[in-house]
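The values are calculated or read from the model by the stated rules, or taken from the named source; none is laboratory data. On a predicted model such as this, the values are computed, not experimentally measured, just so you know. Don't worry about glycine lacking a Cβ; one is built from the backbone with ideal geometry, like all the others, and counts go over all protein chains shown.
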Amino acid sequence: MKRIASLAAFALLLALPLGAQLPAGAERPDAPIRFRAVDVVIDAGEQPLAAWQFELAAETGDAKIVGIEGGEHPAFAQPPYYDPAALANHRVIIAAFNTGRDLPVGKTRVARLHVQITGQAEPEYAVRLEAAASPTGERIAAATITLAKGEPK
């Protein structure tokens, strides 16, 4: 079966005119594949963080989100909600809320994304915090969001 796939990939390369590119999203048989974790951290300052939503997109590179984990604080340890349809477009909208009393204050990792990277280019991500709220539902205006990339595997 591997041999048939290799022959098909080789035939595709031969069929392309010199200098032509593979179609967008097509996997190159020689492109290296590696995996990396990307941590999403929200800093709510002195307010307890009860709810949040963000959008993340890969702006450059060939990156595909292949897994989503919850955060480090028990309030957000379960995997968050996300839009599966958005994953097909190299972006994702992720959200979570907790109505309990034990909520994180300050900086906390709210999610860990597992990303498959194809090719040599290192992906660049854009992340936008769309919502951060206190237990009373008030917007936390001073909240910020950052990303931390793990080592490739």
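The lone criterion from (1) modelled with pLDDT of 95 or more; (2) over 20 Å from residue 139 (Cβ atoms) left unmet by residue 21 is number (1). For beta carbons closer than 7 Å, sequence separation of 6+ or different chains, a first residue in the stretch 41-59 that is farther than 14 Å from residue 94 by Cα and a second that is aromatic (Phe, Trp, Tyr) and crowded, with 21+ Cβ neighbours inside 10 Å, there are no qualifying pairs.
Out of curiosity, is residue 31 at pLDDT below 90, touching a strand residue (DSSP E or B) at 6+ places or on another chain (Cβ under 9 Å) and of a type in the set (Gly, Ala, Ser)? Taking the combined requirement at face value, the residue satisfies it. The single residue among 96, 50, 57, 131 that is within 16 Å of the chain's Cα centre (by Cα) and over 30 Å from residue 33 (Cα atoms) turns out to be 96.
Consider residue 100 carefully, then state whether it is out of contact with any Leu (no Cβ under 7 Å at 6 or more places or on another chain), on the phi > 0 side of the Ramachandran plot and surrounded by fewer than 17 Cβ atoms within 10 Å (Cβ to Cβ). Considered against the rule, which asks whether it is out of contact with any Leu (no Cβ under 7 Å at 6 or more places or on another chain), on the phi > 0 side of the Ramachandran plot and surrounded by fewer than 17 Cβ atoms within 10 Å (Cβ to Cβ), residue 100 comes out as no. Of 77, 5, all but one fail to be at pLDDT 90 or above, of a type outside the set (Lys, Arg) and either more than 25 Å from residue 122 (Cβ to Cβ) or buried (at least 16 other Cβ atoms within 10 Å of the Cβ) (or both); the exception is 77. Evaluated against (1) part of a loop (DSSP other than H, G, I, E, B); (2) of a type in the set (A, V, I, L, M, F, W, C); (3) within 18 Å of the chain's Cα centre (by Cα); (4) surrounded by 15 or more Cβ atoms within 10 Å (Cβ to Cβ), residue 121 falls short on exactly one condition, (4).
If only residues of the stretch 80-112 that are of a type in the set (A, V, I, L, M) and modelled with pLDDT of 95 or more are counted, the one that is nearest to residue 151 (Cα to Cα) is 111. When residues in the stretch 56-71 are screened for being over 24 Å from residue 105 (Cβ atoms) and not aliphatic (A, V, I, L, M), 6 of them pass.
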